[in-house]
Amino acid sequence: MTRGFSFLRAIPHSYATILFSDNLWLGLILMLLTMLSPIVGLSGLAGLVIALLANRAVGFEGWDSGSGINSFNSLLIALAIGYYYPLSGIASQPEQYAALLLVASLSTLFLYAVLTHFTLSWFKLPSMSLAFSIAATVFWYYLVRSGDFTGTGFAKPIILSAKPDLIWFWRDYLLSMGSIVFVPDILAGIAVTLILLIISRIAFMLSLMGWGICYFLLSFVNIGSTYGMFFPGFNLILISLTIGSVFLIPSKSAYLTAAIATVIGFALAFVLSGKYYFPDYMPARGDVLLIPIFAFPLNIVVLIVIFALRLRALPRSPIINDLGILHPEKALDAYLSRYKRFSSTGIPQMQLPVTGEWLVTQGHNGTHTHKKEWAFAWDFEIEDRFGKKYSDVPDSVKDYYAFGKNVYAAAAGYVVKVVNKIPDNPIGITNTQDNWGNYVTISHGYGFYSLYAHLKEGSVKLAEGDYIKQGEKLGLVGNSGRSPIPHLHFQAQSGIDAGTKSIFCHIVNYKYLDEIGDYTFITSGIPKEGDIISPLVAERELANILHLSYDQSQSYHVQTNGRKFVENWKVELDLMGIHRIHSDSGAKLEYSIYNGIFNALNLTKLKPGALRAFALASSRIPWIENHNLNWTDEPSLSVTMSPFWKNVTLFLIPFFKPIRVRTLSRIVVEKKDILLVSTTDLSVLGMTIKKYLAKVTITRKNGIREISLHRGDQELVTATRIQPEEESNE
């Protein structure tokens, strides 16, 4: 039963893959649309079933697989044969037609497997519909040479058709959209367009952009008829849509890249479009046929453009979509809530190379030596609460607090340079010959290195070629080289040797001490000169403290909108490794706990209750027990917006951000309790329209104890944890 159900799921999955989707409802609708031309539609379905059966029989996939990706090229070739094979031939020679369908479906299946192996190995990309394009060209040529295809008499009956009086732009746009499912009819085009609009507004906009570019360029050249597969329209539509929203995260730069790729695609379509002249001209048929370009422009342009972007040394905008999410809005939402929240695009992220509290005595573009090529560096020293860097009288380097402290790798990599034999300077003497003193350089790949200088003589126990993990000890702070007092010089740089040009980078997960004695947590930033900073020490048991480990459950007495009820939570983990809190109120919260930090990622169903209040309060929780801590966050849009407004915002974000969500959070230590207070502002065009105040009381022993949510003076939710002994009494 399970195998049969999985096999049936693979059918709509194959159809959905045509539009780079995994939505089964979309697949079913596209399958029905192909049936507007019954011969074409049934041919496609038959070829797909043949490929799905063969795919599982030969072992490409198991019988329990519900995927149709391996077979969607066979679906396309079967649709193409149904489209091109002469109508009279299907009726008079059904056996030949069926045999051709069988051979085409199976050969395309095997060709797809081979091509995908090479494209994944060479380009780290799937082969998309390249197998279909190659096979379709071969079988089209076979039909032409065999005399079965003459360019006339192959049009198939369409059950429902429409020929409205439309201007050229819209008529040919809709014909191109219908051609995607091999039904070049305006009614089919309208249906495909509406489906695309409902599923993704971003994809619909990009389809219009792709067609608009095509429409403009067509006015300068004669590329052939708009008839069927000869026309470049659907290729350019799919190039624009695929590059702008499937392989790249939607953004202004992604749209610009898609536009440039669409122009390239048009040029390629023009080059590939040609004419076939019959060598054995017969009076009964014309002597020339237009050669279809199928999906060659789409496949060639997408493979080249995306592969070229993968060759960049460092990620820059546009961002390649490696999230495994095909839906444009969902991919953008996941990028904003899971990735962009924690780092800046294209900026290397390093952790502090020291532990404990350190004073930044020189930062980027520092007042002394951090100039020009060495501008992006930091000097770290230790200073006590009286502003002194040493104990008693500084007669020796050992009197300085920083001297001899451990230095750790800011990121994993290979040790490529070690200098370890330069003596430490006595106080008052500076070595100007060996400027950098003892140092270690670590290679992190792609021409990116980190440098740790002025280390203690003989303190480095690593050898060149050793692999070192992030956070692993590499040496001790010293006073070697051009160093008047013990300190650590740290920078990212572009080469192996000390003195190489520094590279701009960020420090992640650190906190700095403000003037009133509170700490501010920084997820990713640049420590400034004069800052007293320290790394956030990870709480490895945070999941257990919050009772949010896999399969754990907890319950709350909840009061909201005058109602009282018990809300139950349970933690689940899916096959993709995503943790979710499931509430019996219907809400679900995706979250992560990484490096001792809780992060709320996505909330589905804005049901009033304890889980929504918790999501608003805890967009981020960096656990800390000993002192107060402040931080800001830009939480997931789903926490404060309905699905409708979230989709509107996601559509506009690549251009500008009309709606912003910002959370200011603070942890206050109260005896044995930790009080988390968060203020979340929802603003439109700079004007605050909603402000929430959420509080969570947490203890190490009992986890989350109380949750409350207010909007202005209105109390929206109060929730009190039901302890296990209370549950047993009830």
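Treating the chain as a set of equal point scatterers at the Cα positions, no solvent, please give the Debye-formula log₁₀ I(q)/I(0) at q = 0.08, 0.09 Å⁻¹.
Here the Debye-derived log intensity ratios amount to -0.81, -0.95.
For residue 706 and residue 260, compute 0.36 nm times the residue count separating them, minus their Cα-Cα distance, and round to one decimal in nm.
Numbers: separation 446, 0.36 × 446 = 160.56 nm, distance 5.41 nm.
Contour length minus Cα-Cα distance gives 155.1 nm.
Per residue, what accessible area does region 520-671 have, given a 1.4 Å probe and all protein chains present, in Å²?
Numbers: 6850 Å² over 152 residues.
On a per-residue basis, region 520-671 sits at 45 Å².
Specify the angular offset, from 0 to 90 degrees and rounded to the nearest 10, of the alpha carbon long axis of helix 233-245 from the longest principal axis of the alpha carbons in the chain.
The angle comes out at about 10 degrees.
How many nm is it between the label spots at residue 570 and residue 699, if each spot is 7 Å from the Cα in line with the beta carbon?
2.7
Hey, got the Cα dimensions of region 72-167 along the principal axes, in Å, largest first?
44, 40, 21
Under a Cβ-Cβ cut-off of 14 Å, what is the net charge of the residues other than residue 645 that fall near it, where Lys and Arg count +1 and Asp and Glu count -1?
Values: positive: 201, 646, 657, 660, 690; negative: 329, 333.
Local net charge: +3.
Quick one: pull the percent of accessible area on region 603-730 belonging to carbon and sulfur, 1.4 Å probe, ligands and nucleic acids left out.
Numbers: 3260 of 6100 Å².
Here it works out to 53 percent.
Name the lysines eligible as straight-distance cross-link partners of residue 163: C-alpha to C-alpha under 29 Å, and not fewer than 8 places from it in the same chain.
275
How long are the three semi-axes of the equivalent ellipsoid of region 472-592, in whole Å, if each is the root of 5 times an eigenvalue of the C-alpha gyration tensor, listed from largest down? List each step's numbers first, then the result.
Details: eigenvalues 422, 71, 37 Å².
Gyration-tensor ellipsoid for region 472-592: 46, 19, 14 Å.
Summarise the long-distance tail of P(r) for region 153-222 by giving the % of C-alpha pairs beyond 13 Å.
I get 67 percent for the Cα pairs in region 153-222 exceeding 13 Å.
Quick check: residue separation of residue 87 and residue 42 times 0.36 nm, minus the Cα distance between them. What number comes out in nm?
Values: separation 45, 0.36 × 45 = 16.20 nm, distance 1.37 nm.
My answer for the length gained is 14.8 nm.
Over region 84-191, what relative contact order in percent results from Cα pairs under 8 Å that are six or more residues apart?
24
On the protein heavy atoms, probe 1.4 angstrom, tell me the percent of accessible surface of region 48-190 carried by carbon and sulfur.
On the way: 4190 of 5980 Å².
Answer for region 48-190 is 70 percent, counting heavy atoms of protein chains only.
May I ask for the angle, rounded to the nearest 10°, between helix 296-310 and the longest principal axis of the chain, with both axes built from Cα atoms and the value confined to 0 to 90°?
In the chain, helix 296-310 runs at an angle near 10 degrees to the longest axis.
Compute the FRET efficiency between residue 673 and residue 322 as 1/(1 + (r/R0)^6), taking r as their Cβ-Cβ distance and R0 = 51 Å, and round to the nearest 0.05.
The pair residue 673/residue 322 has a calculated efficiency of 0.80.
How large is log10 of I(q)/I(0) for region 1-150 at q = 0.18 Å⁻¹ when the intensity is taken from the Debye formula with one equal scatterer per alpha-carbon?
Debye intensities relative to I(0), on a log10 scale: -1.04.
Suppose only helical runs count, i.e. DSSP H with n ≥ 4. What mean residue ellipticity at 222 nm does that imply for the chain under -39500 (n - 2.57) per run, divided by all residues and rounded to the nearest 500 deg cm²/dmol? Spell out each step's value before the answer.
Working: 18 runs with 241 residues, N = 730.
Roughly -10500 deg cm²/dmol at 222 nm, from the helical runs in the chain.
Taking only the alpha-carbon atoms of region 566-625, what semi-axes of the equivalent ellipsoid follow from 5 times the gyration tensor eigenvalues under a square root, in whole Å, largest first? Each step should come with its number before you reach the end.
On the way: eigenvalues 71, 44, 18 Å².
Each semi-axis is the square root of five times an eigenvalue, giving 19, 15, 9 Å.
Pull out the extension gain between residue 662 and residue 399, defined as 0.36 nm times the separation in residues minus the alpha carbon to alpha carbon distance; nm, one decimal.
Working: separation 263, 0.36 × 263 = 94.68 nm, distance 4.55 nm.
This chain segment gains 90.1 nm when fully extended.
Report, in debye and to the nearest 20, how large the dipole of the chain comes out about its Cα centre when Lys and Arg carry +1 and Asp and Glu carry -1 on their Cβ.
Numbers: 61 positive and 55 negative charges, 185 e Å.
Computed charge dipole of the chain: roughly 880 debye.
Taking a probe of 1.4 Å, how large is the accessible area per residue of region 53-196, in Å²? Intermediate results must be reported in sequence, preceding the final value.
Details: 6060 Å² over 144 residues.
I get 42 Å² per residue for this part.
Expressed as a rounded percentage, what relative contact order does the chain have, with Cα pairs under 8 Å and six or more residues apart?
Details: 1547 pairs, mean separation 53.9, N = 730.
Normalised by residue count, the contact order of the chain is 7 percent.
Expressed in nm², what is the orientationally averaged projection area of the convex hull enclosing the Cα positions of region 83-226?
The orientation-averaged projected area of the Cα hull of region 83-226 comes to 11.4 nm².
Kindly express, to the nearest 10 degrees and within the range 0 to 90, the angle between helix 94-122's C-alpha long axis and the longest C-alpha principal axis of the chain.
Long axis of 94-122 versus the principal axis of the chain: about 20 degrees.
Considering all alpha-carbon pairs of region 501-658, what whole percent are spaced by more than 28 angstrom?
Working: 4290 of 12403 pairs.
When all Cα pairs of region 501-658 are counted, 35 percent exceed 28 Å.
For the residue pair residue 145 and residue 412, what label-to-label distance in nm results when each label sits 7 Å from Cα along the Cα-to-beta-carbon direction?
It is 5.3 nm.
Given a cut-off of under 8 Å on Cα pairs at least six residues apart, what relative contact order in percent is computed for region 280-409? Show your work: numbers first, answer last.
On the way: 91 pairs, mean separation 18.2, N = 130.
It comes to 14 percent, rounded to a whole number.
Give the whole-number value, in cubic angstrom per residue, of the convex hull volume spanned by the C-alpha atoms of region 359-517. Walk me through the numbers before you get to the answer.
Values: hull volume 18.4 nm³, N = 159.
Residue-normalised Cα hull volume stands at 116 Å³.
Taking a threshold of 22 Å on the Cα-Cα distance, which of the pairs 588/695; 371/405; 389/511; 388/672; 528/671; 501/528 fall above it? Walk me through the numbers before you get to the answer.
Numbers: 588/695 19 Å; 371/405 27 Å; 389/511 20 Å; 388/672 33 Å; 528/671 33 Å; 501/528 20 Å.
As for pairs spanning more than 22 Å Cα to Cα, those are 371/405; 388/672; 528/671.
What does the convex hull of the Cα atoms of region 489-541 come to per residue, in Å³, rounded to a whole number? Present the calculation step by step, with values, prior to reporting the outcome.
Details: hull volume 5.9 nm³, N = 53.
Each residue corresponds to 111 Å³ of Cα convex hull volume.
Restricting things to alpha carbons, tell me how big region 510-576 is in terms of Rg and Dmax, in Å.
19.2, 53
For a distance above 23 Å, tell me the whole-number percent of Cα pairs in region 639-730 that qualify. Present the calculation step by step, with values, prior to reporting the outcome.
Details: 1788 of 4186 pairs.
Across region 639-730, Cα pairs with separations above 23 Å total 43 percent.
Rounded to the nearest 0.05, what FRET efficiency do residue 500 and residue 429 have when you use their Cβ-Cβ distance and R0 = 45 Å? Write out the running numbers ahead of the final one.
Values: r = 27 Å, r/R0 = 0.59.
The pair residue 500/residue 429 has a calculated efficiency of 0.95.
Given the peptides 591-598, 181-188, arrange them by the average over their residues of other C-beta atoms within 10 Å, most packed first. Don't jump to the answer; show the numbers that get you there.
Values: 591-598: 18.2, 181-188: 25.0.
Listed from highest to lowest mean packing, they are 181-188, 591-598.
Net charge near residue 520, counting Lys/Arg +1 and Asp/Glu -1 over other residues with Cβ under 14 Å of its Cβ?
Working: positive: 511, 528, 620, 666; negative: 357, 514, 515, 518, 531, 633.
Here the count lands on -2.
The values are calculated or read from the model by the stated rules, or taken from the named source; none is laboratory data. A quick note: this is a predicted structure, and the numbers were derived from the prediction, not measured. Quick reminder, even Gly has a Cβ in these numbers, built from the backbone with ideal geometry, and neighbours come from all protein chains shown. Ligands, DNA and RNA are stripped out before the accessible areas are found, and what is left, the full protein with its side chains, is counted by its heavy atoms. Shrake-Rupley method; radii C 1.70, N 1.55, O 1.52, S 1.80 Å.
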